[in-house]
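Novice: Please see the structure below; I have some questions.
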Amino acid sequence: MDHFTQIDGALHCEGVPLAKIAAEVGTPVYVYSAATLRRHAQVFRDGLKPAGRVHLAYAIKANPNIGVLRVLADEGYGADVVSGGEMARALAAGMPAQDIVFSGVGKTDRELIRGLEAGIGQFNLELEEEGVVLAALAAARGLSAPAVLRVNPDVDAGTHAKISTGKKDNKFGVPIDLAPAIFDRLAPLDGLNLRGVAIHIGSQLFDLAPLEAAYRRVGELVAALRARGHAITHVDLGGGLGVPYKPLDLPPSPADYGAMVARATAGWDVELMFEPGRVIAGNAGVLLTEVIWVKPGVVHPYVIVDAAMNDLARPAMYDAWHDFSAVRPNGETMIANIAGPVCETGDTFAMGREIDQVKRGDLGIFRTAGAYGATMASTYNSRPLVPEVLVDGDRYVVVADRIAAETILDAERVPDWL
């Protein structure tokens, strides 16, 4: 469920007409619904109640806007971060340091030190050497770094190859069969509190079976580690639940997921940690755009909009689907291609798709754009960086300014020898 609905023939975000935002902020612009963020946060938490002791850390990479983070902080969520910049955002949004989990395969020494000095709650180790370095950095500061070891269970998540992370040839984690020996070597190190294991097999998952298979492998690992004398108190099960991009998509509900987790982890006696991202933010946002031209085509017309692949990269990167709707539909439809202004053939959002009939100057939205939208935006073709708006009831605020091409140009320099 989201809060983008028709009121008196025009699309609104909660109580605010999208046409009002377009007129006052301009297009393209991301629009987020605070009510949807809150609802998704609550539904996910409720779904996991059967699983017992849980810690929820929102995956900031999905949508790092500080306004979005503040909404989720108020809902009691911590943060899963993969860079020093994301950690700074989480702290600025009011997320307690002890509720921050630092994931990611390429943490630098500087980032590890920043995490130690901030007092974050957990480091997810991706390789043995990272554990050795973290232990040394912590010990030198008189600290003990809380950490878990990320394992790779070699389970195919059945999702897009570019967002699958749990197969043996992926770059993440250590092979699960090597984990006990690595644990034996890392656990005794001064400066390291190696308290558990972590797993994450992919994103946009529609089938719970691969997750359950991976979790059962982790359960076997937990038992093996305890048999070797290790105290295992935390297991990070990652994120990855899918969201409906198409009207007929039926991803598992948080309740279905929670029931599976409770079944798969029965008897573990640990604090379970989760890193939901897309499932919280995906349907909470849209990309609002204006039709520049309806250009005749050989087979279908091209609807050229002012949003482009630099604003929403997912269709160009993953052939991803985002539903397109007119802000003020007239009841008629058309078969069209939807494309942006960027000088790339790949700058297309849809080909040969039935959509609301639109003409030059009409407004439209790409739905389910609250995750992996603005966070992946760029200034390719020297286009402005897209702004973001947060709606709460009948009010809205710009939570990220449009950064003009001229502003970006001002940060560049011509060498004085030219």
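The values are calculated or read from the model by the stated rules, or taken from the named source; none is laboratory data. The structure displayed is predicted, hence computed values, not measured ones. Glycine gets a Cβ as well: all are built from the backbone with ideal geometry, and neighbour counts include every protein chain shown. Ligands, DNA and RNA are excluded from the accessible area calculation, which covers all protein heavy atoms including side chains. Shrake-Rupley method; radii C 1.70, N 1.55, O 1.52, S 1.80 Å.
Novice: Give all pairs with beta carbons closer than 7 Å in which a residue from the range 137-150 that is of a type in the set (S, T, Y) meets a residue that is open to solvent by less than 70 Å² (accessible area, probe 1.4 Å) and part of a helix (DSSP H, G or I); count only pairs at least 6 apart in sequence or on separate chains.
Specialist: Partner pairs satisfying both residue conditions: S144/A138.
Novice: Let me ask another. What number of residues within the range 194-216 are surrounded by fewer than 19 Cβ atoms within 10 Å (Cβ to Cβ) and not aliphatic (A, V, I, L, M)?
Specialist: Count: 4.
Novice: Looking at the range 8-23, which of its residues are out of contact with any helix residue (DSSP H, G or I) (no Cβ under 9 Å at 6 or more places or on another chain) and farther than 18 Å from A34 by Cα?
Specialist: D8, G9, A19, A22, A23 - these are the residues of the range 8-23 that are out of contact with any helix residue (DSSP H, G or I) (no Cβ under 9 Å at 6 or more places or on another chain) and farther than 18 Å from A34 by Cα.
Novice: Quick one: would you say V386 is within 20 Å of I7 (Cβ to Cβ), surrounded by 21 or more Cβ atoms within 10 Å (Cβ to Cβ), of a type in the set (V, I, T) and touching a residue at least 60 places away in the same chain (Cβ under 8 Å)?
Specialist: no
Novice: Still on this structure: Can you name the residue in the range 357-374 that is over 16 Å from the mean Cα position of the chain (by Cα) and under 20 Å from V68 (Cα atoms) and is also surrounded by the most Cβ atoms within 10 Å (Cβ to Cβ) among such residues? Can you show your working first?
Specialist: As a first pass, look at the range 357-374 and keep what is over 16 Å from the mean Cα position of the chain (by Cα): 357-366.
Next, from what is left, pick out any that are under 20 Å from V68 (Cα atoms): 365-366.
Details: I365: 24, F366: 27.
Filtering the range 357-374 for residues that are over 16 Å from the mean Cα position of the chain (by Cα) and under 20 Å from V68 (Cα atoms), the one surrounded by the most Cβ atoms within 10 Å (Cβ to Cβ) comes out as F366.
Novice: Right, another one. Can you report the number of residues in the range 329-355 which are crowded, with 18+ Cβ neighbours inside 10 Å and either at positive phi or of a type in the set (D, E, K, R) (or both)?
Specialist: 1
Novice: Now a separate question. V298 is checked against (1) without any contact (Cβ under 8 Å) to a residue 12 or more places away in the chain; (2) touching a His at 6+ places or on another chain (Cβ under 8 Å); (3) among the hydrophobic types (A, V, I, L, M, F, W, C) and fails just one. What number does that condition carry?
Specialist: (2)
Novice: Y58 - would you say it is modelled with pLDDT of 95 or more, within 11 Å of the chain's Cα centre (by Cα) and of a type outside the set (D, E, K, R)?
Specialist: Yes; evaluated as a whole, the condition is true for this residue.
Novice: Out of curiosity, is A326 surrounded by 20 or more Cβ atoms within 10 Å (Cβ to Cβ) and either more than 18 Å from C13 (Cα to Cα) or not charged (D, E, K, R) (or both)?
Specialist: Yes.
Novice: (1) on the phi > 0 side of the Ramachandran plot; (2) buried (at least 20 other Cβ atoms within 10 Å of the Cβ); (3) polar (S, T, N, Q): which one isn't true of N310, the others all being true?
Specialist: Single failed check for N310: (1).
Novice: List the helices (runs of 4 or more DSSP H) that sit entirely inside the range 50-123 and contain at least 3 residues that are farther than 25 Å from L134 by Cα.
Specialist: 66-74
Novice: So how many residues does the range 375-405 have that are over 26 Å from the mean Cα position of the chain (by Cα) and either at pLDDT 95 or above or among the hydroxyl-bearing types (S, T, Y) (or both)? Write out each step before concluding.
Specialist: The initial filter retains those residues of the range 375-405 that are over 26 Å from the mean Cα position of the chain (by Cα), namely 394, 405.
Retained after the next criterion (residues that are either at pLDDT 95 or above or among the hydroxyl-bearing types (S, T, Y) (or both)): 394.
Number satisfying all stated conditions: 1.
Novice: Mind telling me which of the residues T265, T233 ends up being of a type in the set (S, T, N, Q) and buried (at least 16 other Cβ atoms within 10 Å of the Cβ)?
Specialist: The conditions single out T265.
Novice: Let me ask you something else. Condition first: touching a Ser or Thr at 6+ places or on another chain (Cβ under 8 Å) and not in a strand (DSSP E or B). Now tell me which residues in the range 127-153 satisfy that.
Specialist: Answer for the range 127-153, where residues must be touching a Ser or Thr at 6+ places or on another chain (Cβ under 8 Å) and not in a strand (DSSP E or B): just A138.
Novice: Can you tell me how many residues within the range 268-294 are touching a Phe, Trp or Tyr at 6+ places or on another chain (Cβ under 9 Å) and either closer than 30 Å to A308 by Cα or surrounded by fewer than 24 Cβ atoms within 10 Å (Cβ to Cβ) (or both)?
Specialist: Total meeting the criteria: 17.
Novice: Considering only the range 37-49, state which residues are surrounded by 15 or more Cβ atoms within 10 Å (Cβ to Cβ) and either β-branched (V, I, T) or part of a helix (DSSP H, G or I) (or both).
Specialist: Matches in the range 37-49: L37, R38, R39, H40, A41, V43, F44, R45, G47.
Novice: So, one more: List every residue pair whose Cβ atoms sit under 8 Å apart, with the two residues 6 or more apart in sequence or on different chains, where the first one lies in the range 98-114 and is more than 18 Å from V174 (Cα to Cα) and the second, anywhere, is surrounded by fewer than 20 Cβ atoms within 10 Å (Cβ to Cβ) and polar (S, T, N, Q).
Specialist: As it stands, the answer is E111/S83, since those pairs meet every condition given.
Novice: Any residue in the range 188-216 that is without any contact (Cβ under 8 Å) to a residue 60 or more places away in the chain and closer than 26 Å to G131 by Cβ sitting within a Cβ distance under 9 Å of a residue that is charged (D, E, K, R) and open to solvent by 20 Å² or more (accessible area, probe 1.4 Å)? List the pairs, counting only those 6 or more apart or interchain.
Specialist: G191/R141; V197/R150; I199/R150; I199/R217; I201/D156; I201/K167; G202/D156; G202/K167
Novice: Is at least one residue of the range 63-74 open to solvent by 20 Å² or more (accessible area, probe 1.4 Å) and under 13 Å from the mean Cα position of the chain (by Cα)?
Specialist: Checked against the condition, which is being open to solvent by 20 Å² or more (accessible area, probe 1.4 Å) and under 13 Å from the mean Cα position of the chain (by Cα), the range 63-74 yields at least one hit.
Novice: Would you mind finding the one in N124, N152 that is modelled with pLDDT under 95 and either touching a Lys or Arg at 6+ places or on another chain (Cβ under 7 Å) or crowded, with 24+ Cβ neighbours inside 10 Å (or both)?
Specialist: Details: N124 fails: modelled with pLDDT under 95.
Just a single option satisfies the conditions, and that option is N152.
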